[in-house]
1. Apply the Karplus curve 6.51 cos²θ - 1.76 cosθ + 1.60, θ = phi - 60°, to the phi angles in the stretch B:91-103 and return the couplings in whole Hz, x for Gly and Pro.
2. Assuming R0 = 35 Å, what is the FRET efficiency of B:Gln18 and A:Ala27, from their Cβ-Cβ distance, to the nearest 0.05?
3. Filter the chymotrypsin sites (Phe, Trp or Tyr not before Pro) in the stretch B:11-113 to those in DSSP coil with at most 14 other Cβ atoms within 10 Å of their Cβ, and list the result.
4. If I model a spin label as a point 7 Å beyond the Cα along the Cα-Cβ vector, how far apart are those points for A:Glu14 and A:His38 in nm?
5. Roughly what % of DSSP beta bridges within the protein assembly as shown run antiparallel, to the nearest 5?
6. What does a probe at B:Asp38 reach in the stretch B:80-113, counting residues whose amide N is under 11 Å from the point 7 Å along Cα→Cβ?
7. Please find the FRET efficiency linking B:Asp62 to B:Thr5, where r is the Cβ-Cβ separation and R0 is fixed at 35 Å, and quote it to the nearest 0.05.
8. Nearest 20 debye, what's the magnitude of the dipole of the protein assembly as shown about its Cα centre given +1 on Lys and Arg Cβ and -1 on Asp and Glu Cβ?
Amino acid sequence: QQPVQSPQAVILREGEDAVINCSSSKALYSVHWYRQKHGEAPVFLMILLKGGEQKGHDKISASFNEKKQQSSLYLTASQLSYSGTYFCGTEVLDGLTFGKGTHLIIQP
Amino acid sequence: DAGITQSPRYKITETGRQVTLMCHQTWSHSYMFWYRQDLGHGLRLIYYSAAADITDKGEVPDGYVVSRSKTENFPLTLESATRSQTSVYFCASSPTKAPGTQHFGDGTRLSIL
């Protein structure tokens, strides 16, 4: 079953912060975050593993609450380059199933 | 150049026709995956392969066939295309199964009339 993401869309001014949430109805062993720009392939951001530490990538970080079966992606001091659609993915079989995505628009 | 390439990038075909989407990777990754991306549905796993000659169904395999005779190639075939299969198809590869990092191709936009 696909994870559920919220919000569906976010519009920010450059420099503002954003939080994107991902939740699942089943137990999670890992959560994957990808970003996709329009017309391009999804690009890997980070993986959070069960029992692992919070990850960070420049000003983008994420947390993983195993008990609540949730993950959150934090974008700090957003830049124009952060615009795109963010997907969280959870394990299904040997691959991933992704949420419907969160559209992030950064305005100057 | 090393990477994962999909062909064609765009394809228009008619209902009932057979169409094959190609995927080629140069990393010698063991795992390869096919996903479809539809508005309002995100990415869903169609088929995956752990190695040459080993393939398994994903979440939405109906109407699709895959093969993997060589490690580097993983073609996806729609044996009798239907309008509901209009979508953007992404191929991905990974050195391991999930939770390994997946590297995606640029996608094939398929329209079925």
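1. Those phi angles translate into 9, 9, 9, 7, x, 9, 6, 3, x, x, 5, 9, 10 Hz.
2. Working: r = 40 Å, r/R0 = 1.14.
That gives a FRET efficiency of 0.30.
3. Numbers: sites: B:Trp27, B:Tyr31, B:Phe33, B:Trp34, B:Tyr35, B:Tyr47, B:Tyr48, B:Tyr64, B:Tyr89, B:Phe90, B:Phe104; in loops: B:Trp27.
Loop-located and lightly packed - B:Trp27.
4. Between A:Glu14 and A:His38, the simple spin-label model gives 1.8 nm.
5. Values: 71 of 80 bridges.
Of those bridges, close to 90 percent are antiparallel.
6. B:83-88
7. Working: r = 27 Å, r/R0 = 0.76.
That gives a FRET efficiency of 0.85.
8. On the way: 21 positive and 19 negative charges, 54 e Å.
Value, rounded to 20: 260 debye.
The values are calculated or read from the model by the stated rules, or taken from the named source; none is laboratory data. Keep in mind that this is a model prediction, so the values were computed, not measured. Positions of Cβ are generated from backbone atoms using ideal geometry, with glycine treated the same way; all protein chains shown enter the neighbour counts. Ligands, DNA and RNA are stripped out before the accessible areas are found, and what is left, the full protein with its side chains, is counted by its heavy atoms. Shrake-Rupley method; radii C 1.70, N 1.55, O 1.52, S 1.80 Å.
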